[in-house]
Amino acid sequence: MRKLIFGLCLGLMASVASADGVQNKWRLEVSGNAESAGRIVLQLAPAEGYPITATAAIPEGRGENDVARDVRTALQAAAGKRYDVEMDDGEDVLVKKHEGERDFVITVVENSVQGVKIDVGAE
């Protein structure tokens, strides 16, 4: 039953995120401190082609700026040179396509870190 509910939640999150459609730049707003250890899994899906998955392992006790830095590091490692990933305002992560790349959608697939919320929005 939990797997069914989890699957439905993932589908709902993906459909909400894709409601914005593909864009060339996205902002991830991280809020809250890590009250538990866990992981944050993100998927960057270009308009055409294969999606990229990034996983950030978050230790308990990390502040929101450190969680955002962990997310940025995971996205940079997964996206390579195809996308520019940078910090903004300490707790925000900006993801932009490089010239010649396709517009994309970014979604939070999993967030098991208690106390941390990530809002995804097109820029």
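Computed from the coordinates by the stated procedures, all read-outs in this text should not be read as laboratory data. Since the model is a prediction, treat every value here as computed from it, not as a measurement.
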- Under 1.5 on a/c is rounded, so check that first for the range 25-123, then, if it is not, pick prolate when a/b is larger than b/c and oblate when it is not; a ≥ b ≥ c are the square roots of the alpha carbon gyration tensor eigenvalues. prolate
- Message: Please compute the contact order of the range 18-123 in relative form: average sequence separation of alpha-carbon pairs under 8 Å and at least six residues apart, divided by the residue count, as a percent.
- Response: 44 percent
- Note on the structure: The set of residues whose placed amide H lies less than 5 Å from the amide H of Ala37, leaving out same-chain residues fewer than 5 positions away, is Glu60
- Each residue of the range 103-112 in order: what ³J(HN,Hα) in whole Hz does its phi give by Karplus 6.51 cos²θ - 1.76 cosθ + 1.60, θ = phi - 60°, with x for Gly and Pro? 4, 8, 10, 10, 9, 8, 7, 8, 9, 9
